[in-house]
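Peer 1: Structure in structure tokens, see below.
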Ligand SMILES: Nc1ncnc2c1ncn2[C@@H]1O[C@H](COP(=O)(O)OP(=O)(O)OP(=O)(O)O)[C@@H](O)[C@H]1O
Ligand SMILES: Nc1ncnc2c1ncn2[C@@H]1O[C@H](COP(=O)(O)OP(=O)(O)OP(=O)(O)O)[C@@H](O)[C@H]1O
Ligand SMILES: [Mg+2]
Ligand SMILES: [Mg+2]
């Protein structure tokens, strides 16, 4: 894999008459963790769906994985399989936890499914619930299963949409540790959408602040939090912005 | 309304062979805000469903609203309508935001629906989205609509299941202000499930710590956070508990 | 004339061939696909001339099946919703019976209704005013309701089951009565519910065995499109049968377009 | 013997009364409900004696409708899934046509297949080995597939539409191919899909107009339960007709119980 | 043909009256054995039976409508039409006989009385041979009944259904004797004109002749013409004709032989 994983130019996403995303320039470096923050409705999930190659941008070009060709739509299966997204609202198959986590591996026809699934469940602290039915899970359990079914695939790129929103502090730290290990061992590139400014600070190499679909500021994590250029960024980081 | 809103004795909820809730004693005072904290899967949502009179406990008795008679199952409509619960996982009707928020009022045949709905949407910062279709909303927008449709009913008792999990710091503070105003003006009794220890600290009069379905500790907010009796409470509050 | 005595419909001599056209058509018999062409042409002609007899038959068909559809929706939708929500001992048995009802042979339903309403039958012999008499539109409606309501109920149940059960809980928690919550869930499942009604409509507008038996296929009174089609088929007038079938299909196509409109509007 | 001359089927003299029992039964004719009782008794007898002719008819019915059901599921489920997922210009038209197909009168389908497969029809005249001949089981299967696949497709579409569309996106994002994601969504919608198959089965096991026309109701070869019922009704042997209908209904009841089991297992 | 080879298939399109009465089941096994073939009976209305023949989907037809049969042969669809047998029509109606049909000498007279009294009358109205005959009788009576009138019902149904209708409605109808006999127990209808047996039927106009026709091989090369001819020869042979007379229900024959060979016997 080359130096960067995503390069976007003039990305726009329009639903009906409303343009909900307007990002002129975007680069995600290989092995990096990009944090995306911004208020509710800023377009974070929309951007993530584009990066997950699930939805073509209405306008603009996206390059992926160092290829000099823009991404084709629909993207070929082998390209698509290098990226996995964990959705903000976890939806499981009405089946056991085990089979939900195994889904992606089985779709790829991988072997060693059982130990890998068990390991992934271990990572999110749900090894004991492998046989529970999806519809009986609590909110946080659901979210962790959704995370596990992405982690088990060990993708090149992992896109996480508020993966710890429904978790208590201890489980949050478990997940964060798992992510750190993943970066360390697999050099996974991660894009993490979070409303939790502290989490972004703890994990991100680079942070991007979206507001009303526009990228207000994107900078190294330290710069972003310590000396943001834009006054709106400063306000947001302090949790006091009025939009 | 009398002094207390809920009194529970020996409440147990069992699913299949697993007892997920075991609360021997529970009191919620009128006008108070009880915070419920605990790790993922502790039984918080289950307890809330019981308090919402949606699900009878498998064992135990529950008294509601100062009545000396235990709650009958199914509870009569007029009793049921004094309580409203905001679910952890918001599910809207596939309709406009406005009509979703108006649903409870319309079900009651209330008048002045439009201004009340508009006011509720204002409270959660979504006045401009009244005409958006439910399925186009972002995660945080969804959550706020779900909250608005409960707030608009001005119930005696409001049960909130992680109502700000998908919100950014600013919106969290907007919601928290709204809740404070509600308590002040309407003397609404609130039970708030949250994984956010800071939020519990900011809002709650009393806090209850659930672990594995059992109430480990329940105390005044200050006591709970400053001098918890149980070592497990102490660990949880510091985000370092290992279960 | 299309059917019935030649004496009656003197007005349309040009269509005499349609009925007695065995000789005339036989030259073109090489390829049976001709019948279909002929049928299309005849259907166009019948519609163009607003043939009064065809119009009457169409009116009876719509009246019978429309009434039956309303009734079976009124029975089937609540029944389906109830089966979708409730749990009780023996529910599975009721569901299996309902599914079996989806496959009731129309002839059997017809026979059953016939035996009930017959002068020597348990209901017919009562001669009560509210009991429809045999060989009337009312008897046909009864048979068609029996045929179509299981379809409506079965699919409504499936549609309702497809809606997340916690939505219902959320609505109840917002103060909805059981009834209001049921209505709202039906609205969520409207796509499936409308398909169920469309299927119910399809099952009765095309049904022939039952209406033939209990309606009697009486010219000018209980003859509907399907029985007229069967009649022409029996007479060997295949192209006229196809013409009538095309009219029937256009009718149900139009109704479906209408229902889809409705569906689109509510979505 | 049930139908046909006593001489031809010499084996079962004890049931001659069933056919020619008119004189004897007439005393009880006061109330038509008797026919229904008689029917129940006869059905029990026929099943008890494993009447070979009835067994043959049952076997043909199951073979024809079973094959037709498999084929129409193989066509209808993918078609329904595709219509449920895809968006294209003219989709609404296709859907309206499909819904109209749910209401195809069996007679018309029969007539159409007849004209196609006729010796003077476009397909029948080819005399190719892969084209089923008229008055054979193959022709009946063709007609029944045409009748039932729109039902299967229509309900599958409705069921698939009831599944949250973002589930599909999540599966795609987990590396599922379009095909795998479709299968998984169908599995989620299995309740509706199974109902669609049950409805398809119901529509053909009870169908008579088409199999009568293209099968010819030939004794010992293309006679199925429904055509036998019509035959006995035509002959005025109501109780025998009802007996056969009960056998038919028990069959479809049993199949439905089986399908519900299946549904229960996967759920 | 050698008994070991697969039986040939002969498709016989015929009316429900011959098939449903059981006559064919009674007769055919002899023919099938003798020629190692399988006669497949398609029982439909006369109109549809002729249409099946005209398309080459049947090999031989056995129907009862002399005019349509003539047209069928004249149109080149059929060859070698032969008389086979006949039975007769009767007039049935409510036992109370409000129109006073009992005792009429002819069918035309009976119909005239029915029209006079405006008593309910059920017509098959399905283009069958029976309806053709009914029309002819009305014409002979000089009456053109209007299906929109309150007493004349044009049903468009088979004989059995028409009889049931008449029974329920207390109406008169023209029926073939065989159908009436086999359904008598279900009906509240009395035989009013036609006598107890065919030979006691007072009106020769009520005779109902059946004809057999082979489908023209010149037009439809695929038909089993040779077998069809053998079938016709067999059906009209004296032995088979005698068997027709032997087929009885309730002690009386339903059909009477009528072939050239029988008459020349
Ligand atoms: N299909 C759609 N049609 C119209 N508007 C849409 C659609 N999808 C999303 N939107 C709008 O686009 C905006 C951005 O949505 P998005 O889900 O990307 O927000 P977000 O930044 O993820 O917010 P949150 O933090 O609340 O999840 C929202 O205001 C939403 O209402
Ligand atoms: N219907 C059910 N059948 C079996 N187990 C269930 C059922 N519903 C919930 N549970 C289990 O009960 C436990 C408590 O669930 P609950 O939803 O109350 O947890 P919670 O405290 O709200 O957790 P979270 O913070 O993750 O939302 C969970 O472990 C869950 O798996
Ligand atoms: Mg989002
Ligand atoms: Mg919970």
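The values are calculated or read from the model by the stated rules, or taken from the named source; none is laboratory data. The model shown is predicted, which means the values in this text are computed figures rather than measured ones. Every residue, glycine as well, gets a Cβ built from its backbone with ideal geometry; the counts of neighbours run over all protein chains shown.
Peer 1: Exactly one condition in (1) part of a loop (DSSP other than H, G, I, E, B); (2) within 16 Å of ligand 4 (Cβ to nearest atom) is not met by residue A:195; state its number.
Peer 2: It fails just one condition, (2).
Peer 1: Quick check on residue C:182: is it in a loop (DSSP other than H, G, I, E, B), on the phi < 0 side of the Ramachandran plot and away from chain D (no Cβ under 11 Å)? Outline the logic, then answer.
Peer 2: Numbers: in a loop (DSSP other than H, G, I, E, B): no; on the phi < 0 side of the Ramachandran plot: yes; away from chain D (no Cβ under 11 Å): yes.
No.
Peer 1: Could you tell me whether residue C:193 is surrounded by 18 or more Cβ atoms within 10 Å (Cβ to Cβ), in contact (Cβ under 8 Å) with a residue 40 or more places away in the chain, more than 21 Å from the chain's Cα centre (by Cα) and part of a helix (DSSP H, G or I)?
Peer 2: Taking the combined requirement at face value, the residue does not satisfy it.
Peer 1: Given the structure, is residue B:225 in a helix (DSSP H, G or I) and within 18 Å of the chain's Cα centre (by Cα)?
Peer 2: No.
Okay, residues lined up against (1) crowded, with 23+ Cβ neighbours inside 10 Å; (2) more than 14 Å from chain B (Cβ to nearest Cβ); (3) within 16 Å of ligand 4 (Cβ to nearest atom); (4) within 20 Å of residue A:216 (Cα to Cα):
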| site | (1), (2), (3), (4) |
| --- | --- |
| A:12 | no, yes, no, yes |
| A:18 | no, no, no, yes |
| A:27 | no, yes, no, yes |
| A:42 | yes, no, no, yes |
| A:47 | yes, no, no, yes |
| A:51 | yes, yes, no, yes |
| A:58 | no, yes, no, no |
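Peer 1: Same structure, new question: Taking the condition at the interface with another protein chain (Cβ under 7 Å from one of its Cβ atoms) and not in a helix (DSSP H, G or I), does residue C:151 pass?
Peer 2: Details: at the interface with another protein chain (Cβ under 7 Å from one of its Cβ atoms): yes; not in a helix (DSSP H, G or I): no.
No: the conditions fail for residue C:151.
Peer 1: As an exercise: evaluate residue C:103 against (1) within 7 Å of chain D (Cβ to nearest Cβ); (2) within 21 Å of residue C:205 (Cα to Cα); (3) assigned to a helix (DSSP H, G or I) and give the number of the one condition it does not meet.
Peer 2: (3)
Peer 1: Looking at (1) within 15 Å of the chain's Cα centre (by Cα); (2) within 16 Å of ligand 2 (Cβ to nearest atom); (3) at the interface with another protein chain (Cβ under 8 Å from one of its Cβ atoms), which is the one condition that is false for residue B:81?
Peer 2: Here residue B:81 meets the rest and fails (2).
Peer 1: Another question, if that's okay. Are any residues in the stretch C:33-72 in a loop (DSSP other than H, G, I, E, B) and exposed (fewer than 14 other Cβ atoms within 10 Å of the Cβ), and if so, which ones? Quick ask: steps written out before the conclusion?
Peer 2: From the stretch C:33-72, those in a loop (DSSP other than H, G, I, E, B) are C:49-51; that's our starting set.
Selection gives C:50 alone.
Peer 1: Could you tell me whether the stretch E:56-63 includes any residue that is free of Cβ contacts under 8 Å to residues at least 60 places away in the same chain, buried (at least 18 other Cβ atoms within 10 Å of the Cβ) and not in a loop (DSSP other than H, G, I, E, B)?
Peer 2: no
Peer 1: Is it fair to say residue B:230 is within 16 Å of ligand 4 (Cβ to nearest atom) and closer than 24 Å to residue A:138 by Cβ?
Peer 2: no
Peer 1: Look at the stretch A:9-40 and say how many of its residues are under 24 Å from residue A:198 (Cα atoms) and out of contact with any strand residue (DSSP E or B) (no Cβ under 8 Å at 6 or more places or on another chain).
Peer 2: Final tally of qualifying residues: 1.
Peer 1: Out of the residues in the stretch A:26-42 that are part of a strand (DSSP E or B) and in contact (Cβ under 8 Å) with a residue 60 or more places away in the chain, which is farthest from ligand 1 (Cβ to nearest atom)?
Peer 2: A:29
Peer 1: Which condition from (1) out of contact with any strand residue (DSSP E or B) (no Cβ under 8 Å at 6 or more places or on another chain); (2) away from ligand 1 (no atom under 12 Å from the Cβ); (3) at pLDDT below 95 is the one that residue A:99 breaks?
Peer 2: (3)
Peer 1: I would also like to ask the following. Is at least one residue of the stretch A:144-158 at positive phi, under 13 Å from the mean Cα position of the chain (by Cα) and either away from ligand 1 (no atom under 15 Å from the Cβ) or not in a strand (DSSP E or B) (or both)?
Peer 2: no
For every residue, the table says whether it meets (1) at the interface with chain A (Cβ under 9 Å from one of its Cβ atoms); (2) touching a helix residue (DSSP H, G or I) at 6+ places or on another chain (Cβ under 9 Å); (3) more than 16 Å from ligand 2 (Cβ to nearest atom).
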site	(1), (2), (3)
B:142	yes, yes, yes
B:148	no, yes, yes
B:157	no, yes, yes
B:167	yes, yes, yes
B:173	yes, no, yes
B:182	no, yes, yes
B:188	no, yes, yes
B:195	yes, yes, no
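Peer 1: Report, by residue number, each residue of the stretch E:238-260 that is surrounded by fewer than 16 Cβ atoms within 10 Å (Cβ to Cβ) and closer than 19 Å to residue E:64 by Cα.
Peer 2: Hits for the stretch E:238-260 are E:245, E:260.
Peer 1: Show me the strands (runs of 3 or more DSSP E) entirely contained within the stretch E:156-230 in which 2 or more residues are touching a helix residue (DSSP H, G or I) at 6+ places or on another chain (Cβ under 6 Å).
Peer 2: E:172-176, E:207-215
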